[in-house]
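Structure, as structure tokens:
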Amino acid sequence: MRLICAVLPLLALAGCSSFQADPENVRAVPAERLLAYQQPLDGGGQIVVNRDLGMLGGGCYVAVLVDRQVAARIGIGESARFQVPAGTRVVGIGIDEQDDTLCGKGRLRRELAVQVAQGASQQLRIVSEAKGGFDIRPDTP
């Protein structure tokens, strides 16, 4: 009984952390939630952002920002592609200000400098963790 009481809170915390979706379970963000950086650019590159699956923030969209401009509203298990100029881009996540529920009332701002080469693609992922909240990180295979 003591073992169950000790392990149960740890399992509950682990259940709040996100996990990377299998590629066949990832859905594209619908066109109405893709807000910027959708037109191909000559000499540009691509940034792909995937949001993990998980319970933390599961009912909320997260705003994806490219060069501090809202580029998409992304839900769990979704992926968005952005066509960007080559060079260093600032990619971040923030509160979805179009959300009028409690999800839109908090504070969230995480940013990452991403080097995009001409014709190349950079992969990023949005994770959620019980202790650290949301973050955006390079997607390492």
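Bear in mind these aren't lab numbers, they're just calculated from the coordinates by the rules spelled out. Treat the numbers as computed from the prediction; the structure is a model and nothing was measured. A quick note on method: Cβ atoms are made from the backbone with ideal geometry, for glycine too, and the neighbour counts reach across all protein chains shown.
Key figures for this structure:
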| read-out | value |
| --- | --- |
| Residue in region 87-108 that is surrounded by fewer than 18 Cβ atoms within 10 Å (Cβ to Cβ), in a loop (DSSP other than H, G, I, E, B), of a type in the set (A, V, I, L, M, F, W, C) and touching a residue at least 40 places away in the same chain (Cβ under 8 Å) present | yes |
| Test: Gln83 is closer than 20 Å to Arg27 by Cβ, touching a Phe, Trp or Tyr at 6+ places or on another chain (Cβ under 6 Å) and touching a residue at least 12 places away in the same chain (Cβ under 8 Å) | yes |
| Members of region 113-141 found to be among the hydroxyl-bearing types (Ser, Thr, Tyr) and more than 11 Å from Arg51 (Cα to Cα), listed by number | Ser121, Thr140 |
| Answer residue from region 109-124, given it is among the aliphatic types (A, V, I, L, M) and part of a loop (DSSP other than H, G, I, E, B) and is nearest to Cys60 (Cα to Cα) among those | Ala120 |
| Residue count, region 62-84 (criterion: outside any strand (DSSP E or B) and closer than 16 Å to Arg125 by Cβ) | 3 |
| Residue within region 66-76 that is over 14 Å from Val29 (Cα atoms), touching a residue at least 40 places away in the same chain (Cβ under 8 Å) and surrounded by 15 or more Cβ atoms within 10 Å (Cβ to Cβ) present | no |
